[in-house]
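S.K.: Take this structure first; my questions come after.
The values are calculated or read from the model by the stated rules, or taken from the named source; none is laboratory data. Since this is a predicted model, take the numbers as computed values, not measurements. In this analysis, Cβ positions are derived from the backbone assuming ideal geometry, glycine residues included, and neighbour counts consider all displayed protein chains. Ligands, DNA and RNA are excluded from the accessible area calculation, which covers all protein heavy atoms including side chains. Shrake-Rupley method; radii C 1.70, N 1.55, O 1.52, S 1.80 Å.
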Amino acid sequence: MAFLADALSRVKPSATIAVSQKARDLKAKGRDVIGLGAGEPDFDTPDNIKQAAIEAINRGETKYTPVSGIPELREAIARKFKRENNLDYTPAQTIVGTGGKQILFNAFMATMNAGDEVVIPTPYWVSYPEMVSLCGGTPVFVATTQENRFKLRPEDLDRAITPKTKWFVFNSPSNPSGAAYTHDELKALTDVLLKHPHVWILTDDMYEHLTYGDFKFATPVEVEPKLYDRTLTMNGVSKAYAMTGWRIGYAAGPLSLIKAMDMIQGQQTSGACSIAQWAAVEALNGPQDFIPVNKKIFEARRDLVVSMLNQAKGIECPSPEGAFYVYPSCKGLIGKTAPSGKVIGTDEDFVSELLEAEGVAVVHGSAFGLGPNFRISYATSEALLEEACKRIQRFCAACK
Ligand SMILES: Cc1ncc(COP(=O)(O)O)c(C=O)c1O
């Protein structure tokens, strides 16, 4: 009898966590490494949010909370959906989890049966297929292309849907490509979904507040209210409020699904951290003025990185609408010889030779299901980004 579960053979460790660890290990050995692998803002959590947590501790808010979250936070979430997305949800239709990750996991856990398919556009956030597989479902990938700015074409979505499709996972702005769908682009997808009433939509709106220029964020139910009864709209405070370590994510959707997710969570972690929930109440209800300030900073970094990468020989980097990632192609380097003498055969080779030669840690595109590309997280200072891009330019010029 095997000791470890068969389910483990279906999952891979997170490539983004592995790259961050490799960069840390090299740094510990004294190497000068710039890590551009991590998916978290480099800003600190705003003071008013920290203060709300301190006050919660002092008030003694240190006990178990209801599984789906404290009423104050569920009310704040319902208000947020109305205020920012024009969506009507009662607090009972919301649920709070330990990070957006737990929300997604609970949604799959509560709905997956063997043979169920989940349509996931590539490139995807690394955890979607692994969660689906762990919960006994089958991920079905639909490719996008760099020419189409990594956006799914409606006809490709239509073709991927079968009678076994349970969920379509939508993520805009996207990790890893930064691509975000306009209202009209999303409408073309929701029109396809209307034709397939058995398919549920899981929209991961984690990067909602990180879009640039005059881009206007849109979420599926706002664009097509007829999808209300079969959509789970997920969001969280991790990225927009620089609260990755607080571990608060949330969602709203049909009551029956929220109740099923509550049941899973009740046998797993129960309510999220009480103190972090009070901090999230302040994040959602308090002043929002630092969001446009951070957006401006991210936008300037995106422009810097896109411009410098496009000057690197063999690299092509589209300018994405949102998140804090770019997803350049390294196709022009495939087949070339790196300074070490090794021939670059894949994006994974490119990434490991770059780390070896120049100490720049990025994540290979094949980890996100679409290459030859790589992901750079620009959630770090302009000075470091400039230095990293100079090193990438030097590396590319040295490949023959
Ligand atoms: C697209 C996407 N969804 C969800 C998450 C998970 O967020 P959280 O840190 O709140 O679990 C991440 C984090 O990297 C993400 O990039």
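S.K.: When you look at residue 379, is it under 30 Å from residue 28 (Cα atoms), in contact (Cβ under 8 Å) with a residue 24 or more places away in the chain and part of a helix (DSSP H, G or I), yes or no?
M.R.: On the way: under 30 Å from residue 28 (Cα atoms): yes; in contact (Cβ under 8 Å) with a residue 24 or more places away in the chain: yes; part of a helix (DSSP H, G or I): no.
Against the criterion (under 30 Å from residue 28 (Cα atoms), in contact (Cβ under 8 Å) with a residue 24 or more places away in the chain and part of a helix (DSSP H, G or I)), residue 379 does not qualify.
S.K.: Going through region 313-355 one residue at a time, which ones are closer than 15 Å to residue 375 by Cα, in contact (Cβ under 8 Å) with a residue 60 or more places away in the chain, touching a Cys at 6+ places or on another chain (Cβ under 8 Å) and not hydroxyl-bearing (Ser, Thr, Tyr)?
M.R.: Those that are closer than 15 Å to residue 375 by Cα, in contact (Cβ under 8 Å) with a residue 60 or more places away in the chain, touching a Cys at 6+ places or on another chain (Cβ under 8 Å) and not hydroxyl-bearing (Ser, Thr, Tyr): 315, 326.
S.K.: Let me ask something else about it. Any residue that is modelled with pLDDT under 95 and either closer than 26 Å to residue 381 by Cβ or open to solvent by 70 Å² or more (accessible area, probe 1.4 Å) (or both) - is there at least one of those in region 94-110?
M.R.: No, there is no match, as no residue in region 94-110 is modelled with pLDDT under 95 and either closer than 26 Å to residue 381 by Cβ or open to solvent by 70 Å² or more (accessible area, probe 1.4 Å) (or both).
S.K.: Applying the selection to region 192-224, what residues are within 25 Å of residue 162 (Cβ to Cβ) and either among the basic types (Lys, Arg) or within 11 Å of the ligand (Cβ to nearest atom) (or both)?
M.R.: If the condition is that a residue be within 25 Å of residue 162 (Cβ to Cβ) and either among the basic types (Lys, Arg) or within 11 Å of the ligand (Cβ to nearest atom) (or both), then 195, 202, 203, 204 are the ones that fit.
S.K.: Moving on to the next point. Consider only pairs whose beta carbons are under 7 Å apart and that are at least six residues apart or on different chains; among these, list those whose first residue lies in region 244-262 and is more than 14 Å from residue 102 (Cβ to Cβ) and whose second residue is open to solvent by 50 Å² or more (accessible area, probe 1.4 Å) and assigned to a helix (DSSP H, G or I).
M.R.: 254/229; 255/92
S.K.: Within region 244-268, take every residue that is closer than 23 Å to residue 283 by Cα and out of contact with any strand residue (DSSP E or B) (no Cβ under 8 Å at 6 or more places or on another chain) and give me the one that is least open to solvent (accessible area, probe 1.4 Å).
M.R.: 244
S.K.: Within region 225-252, track down each residue that is small (Gly, Ala, Ser), within 10 Å of the ligand (Cβ to nearest atom) and farther than 30 Å from residue 197 by Cβ.
M.R.: Of the residues in region 225-252, the ones small (Gly, Ala, Ser) are 236, 238, 240, 242, 245, 249, 251-252.
Next cut, within 10 Å of the ligand (Cβ to nearest atom) only: 236, 238, 245, 249.
238, 245, listed by residue number.
S.K.: From the residues in region 111-134 that are under 27 Å from residue 154 (Cβ atoms) and free of Cβ contacts under 8 Å to residues at least 40 places away in the same chain, which one is surrounded by the fewest Cβ atoms within 10 Å (Cβ to Cβ)?
M.R.: 131
S.K.: Further question: Please specify each residue of region 347-391 satisfying the condition of being within 16 Å of residue 123 (Cβ to Cβ) and among the β-branched types (Val, Ile, Thr).
M.R.: First pass over region 347-391, keeping only residues within 16 Å of residue 123 (Cβ to Cβ): 347-348, 350-351, 362-377.
Within region 347-391, 351, 362, 363, 376 qualify.
S.K.: Would you please name the residue that is nearest to residue 288 (Cα to Cα), looking only at residues in region 75-103 that are more than 22 Å from the chain's Cα centre (by Cα) and part of a loop (DSSP other than H, G, I, E, B)?
M.R.: Per the criteria, the residue is 86.
S.K.: Here is a further query. For region 273-300, give me each residue that is under 18 Å from residue 81 (Cβ atoms), surrounded by 17 or more Cβ atoms within 10 Å (Cβ to Cβ) and out of contact with any helix residue (DSSP H, G or I) (no Cβ under 6 Å at 6 or more places or on another chain).
M.R.: Once the filter is applied, which keeps residues that are under 18 Å from residue 81 (Cβ atoms), surrounded by 17 or more Cβ atoms within 10 Å (Cβ to Cβ) and out of contact with any helix residue (DSSP H, G or I) (no Cβ under 6 Å at 6 or more places or on another chain), region 273-300 yields nothing.
S.K.: Pick out the one residue from 277, 267 that is modelled with pLDDT of 95 or more and either charged (D, E, K, R) or more than 16 Å from the ligand (Cβ to nearest atom) (or both).
M.R.: 267
S.K.: Please work out which residue is modelled with the lowest pLDDT, limiting yourself to region 177-225 and to residues that are within 23 Å of residue 379 (Cα to Cα) and charged (D, E, K, R).
M.R.: 214
S.K.: In region 9-27, what residues are open to solvent by less than 90 Å² (accessible area, probe 1.4 Å) and away from the ligand (no atom under 16 Å from the Cβ)?
M.R.: If the condition is that a residue be open to solvent by less than 90 Å² (accessible area, probe 1.4 Å) and away from the ligand (no atom under 16 Å from the Cβ), then 11, 23, 25, 26 are the ones that fit.
S.K.: Name every residue in region 227-243 that is open to solvent by 10 Å² or more (accessible area, probe 1.4 Å) and either assigned to a strand (DSSP E or B) or of a type outside the set (A, V, I, L, M, F, W, C) (or both), in order of residue number.
M.R.: 228, 229, 230, 239
S.K.: Would you point out which residue out of 385, 354, 370 is assigned to a helix (DSSP H, G or I) and either within 16 Å of the ligand (Cβ to nearest atom) or crowded, with 23+ Cβ neighbours inside 10 Å (or both)?
M.R.: On inspection, the qualifying residue turns out to be 354.
S.K.: Here's another thing I want to ask about it. Out of all the residues in region 135-153, is one or more under 22 Å from residue 17 (Cβ atoms) and open to solvent by less than 40 Å² (accessible area, probe 1.4 Å)?
M.R.: yes
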